[in-house]
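Asks: Below is one structure. I have some questions about it.
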Amino acid sequence: MRIAVYSTHQFDKPYLTTAAVKHELIFIDQELTESNVHLAESCDAVALFTSDHALAEVLEKLSKLNIKYIVLRSAGFDHVDLQKAKELGLKVANVPAYSPYAVAEHAVALLMALNRKLRSAHDLMKKQDFRLDGLTGFDVHGKTVGIIGLGKIGEAFARIMNGFGCKLLCFDPHPNYALEKELNIKFVLLSELCVEADIISIHCPLNKETKHLFNRNLFDQMKKGVYLINTARGPIINTTDLIIALNNGIVGAAGLDVYEFEKGLFFKDHRHDQIKDTIFNELMTLPNVLITGHQAFLTTTALQNIADTTINNLNCFEEGVECPNQLYVTDH
Ligand code: NAI
């Protein structure tokens, strides 16, 4: 097959090239939009990343080019209009579990870097200022951690925090009760979790129910000084409301690997641009905010698994055998 691989980066090309033994890959650095669909001409499939925009109009154009398959190099699939894909007869598959540990471990890294003030500590070291004032953290041991979504990543995160000796609360509309005893987790209502938790980490998908789930109303229910970590999807948090909560001390610190308006911003070199996103610029000025550019997935293990599963999904489609990772509209 000939596959147009949109949003390719230096970090994933070698893994995809090695995995795609019998396919021809056309690497396209640009993100997929309506205006560059034509680059997939004479291809059978497109391979997309989270930064690509597979909206209805884009899918229609891809279908007109006789594209048959869309393979996502991601677990999340909120950037694809699955209903439209179904109508057009386009088959879509994702990589549901390339490494839940990669993302969970990054969430812990954000938490610990904020808590132990690692950024300030390093800045002071560089200035040869070895005083410790302003670097006080807290013991994570014994703290109450609220987990939003106990799926693959949420579970991996829960296991780590269990190792830290935390009390775990979880909100998930589809509770996996088998984990309750093993990890000493208590499933609770979201309101109860917000009242109790010292640390909240978000691991649910972005969908109609979770968009702006974290808004002013929810922040107002939280324990003062709560640490909030989001490695799931940016729009789950209303960022304007988060800034208010950070400024009034309800949220003590925020570790964000994803950002509400990251599309068009993340994954690119903007060193010579003036970023006009005032919300992002304001977040960057806050000392208790740590932002990474959607890199939680970025480990060698994850990249290997993403490449292997993406190519395997294509092989299944090509050979007409059932693809275990095919996405259907009901998956939402
Ligand atoms: P998963 O499907 O295994 O688990 C998601 C869990 O969230 C399920 O248990 C589900 O019942 C629960 N859930 C659904 N709606 C909910 C709601 N309204 N409130 C609370 N929980 C809810 O998914 P997985 O693999 O754990 O990934 C979670 C999310 O992490 C993905 O949807 C994706 O958006 C994000 N992600 C981010 C990455 C990054 O690099 N920052 C990389 C990979 C995934």
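The values are calculated or read from the model by the stated rules, or taken from the named source; none is laboratory data. On a predicted model such as this, the values are computed, not experimentally measured, just so you know. Because the Cβ atoms are built from the backbone with ideal geometry, glycine has one as well, and the counts that use them run over all protein chains shown. Side chains included, ligands, DNA and RNA excluded: accessible areas come from the protein's heavy atoms. Shrake-Rupley method; radii C 1.70, N 1.55, O 1.52, S 1.80 Å.
Asks: Select from segment 135-159 the residues that are of a type in the set (Gly, Ala, Ser), assigned to a loop (DSSP other than H, G, I, E, B) and within 8 Å of the ligand (Cβ to nearest atom) and write down the one among them that is surrounded by the fewest Cβ atoms within 10 Å (Cβ to Cβ). Even if it seems obvious, please write down each step before you answer.
Replies: Filtering segment 135-159 for residues of a type in the set (Gly, Ala, Ser) gives 137, 142, 146, 149, 151, 154, 156, 158.
From what's left, assigned to a loop (DSSP other than H, G, I, E, B): 137, 142, 149, 151.
Narrowing the set further to residues that are within 8 Å of the ligand (Cβ to nearest atom) leaves 149, 151.
Values: Gly149: 22, Gly151: 19.
Out of the qualifying residues, it is Gly151.
Asks: While we're here: How many of the residues making up segment 243-259 are under 16 Å from Arg216 (Cα atoms) and under 18 Å from the mean Cα position of the chain (by Cα)?
Replies: 1
Asks: On to the next question. What tally of residues in segment 134-155 results from selecting those that are within 13 Å of Ile199 (Cβ to Cβ) and touching a His at 6+ places or on another chain (Cβ under 7 Å)?
Replies: Residues meeting the conditions: 2.
Asks: While we're looking at this one, here's another question. Tell me yes or no: at least one residue of segment 25-34 is modelled with pLDDT of 95 or more and crowded, with 22+ Cβ neighbours inside 10 Å.
Replies: yes
Asks: Within segment 162-179, count every residue that is more than 13 Å from the ligand (Cβ to nearest atom), part of a helix (DSSP H, G or I) and in contact with a strand residue (DSSP E or B) (Cβ under 7 Å, 6 or more places away or on another chain).
Replies: 1
Asks: Can you tell me how many residues within segment 90-129 are open to solvent by less than 100 Å² (accessible area, probe 1.4 Å), more than 16 Å from the ligand (Cβ to nearest atom) and assigned to a loop (DSSP other than H, G, I, E, B)?
Replies: 3
Asks: Could you pull out every one of the strands (runs of 3 or more DSSP E) wholly within segment 183-268 that has 3 or more residues that are out of contact with any Leu (no Cβ under 7 Å at 6 or more places or on another chain) and assigned by TED's automatic domain parsing to the domain that holds Thr50? Outline the logic, then answer.
Replies: Details: elements: 185-187, 199-202, 226-230, 251-256.
Per the criteria, no element qualifies.
Asks: Which residues, counting only those in segment 180-198, are within 12 Å of the ligand (Cβ to nearest atom) and at pLDDT below 95?
Replies: Passing the criteria: none in range.
Asks: Find all pairs meeting these conditions: Cβ atoms under 6 angstrom apart; at least six residues apart or on different chains; first residue within segment 161-190 and open to solvent by 60 Å² or more (accessible area, probe 1.4 Å); second residue among the hydroxyl-bearing types (Ser, Thr, Tyr) and more than 11 Å from the ligand (Cβ to nearest atom).
Replies: Going by the 6 Å Cβ cut-off, the qualifying pairs are Lys167/Thr144.
Here's the yes/no breakdown for (1) on the phi > 0 side of the Ramachandran plot; (2) modelled with pLDDT of 95 or more:
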| residue | (1), (2) |
| --- | --- |
| Leu72 | no, yes |
| Ala75 | no, no |
| Lys84 | no, yes |
| Ala93 | no, yes |
| Val103 | no, yes |
| Ala121 | no, yes |
| Gly134 | yes, yes |
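Asks: Open to solvent by 50 Å² or more (accessible area, probe 1.4 Å) and away from the ligand (no atom under 15 Å from the Cβ): is that true of Leu132 in this structure?
Replies: yes
Asks: Can you report the number of residues in segment 281-314 which are in a helix (DSSP H, G or I) and either touching a Cys at 6+ places or on another chain (Cβ under 8 Å) or without any contact (Cβ under 8 Å) to a residue 40 or more places away in the chain (or both)?
Replies: Qualifying residue count, segment 281-314: 7.
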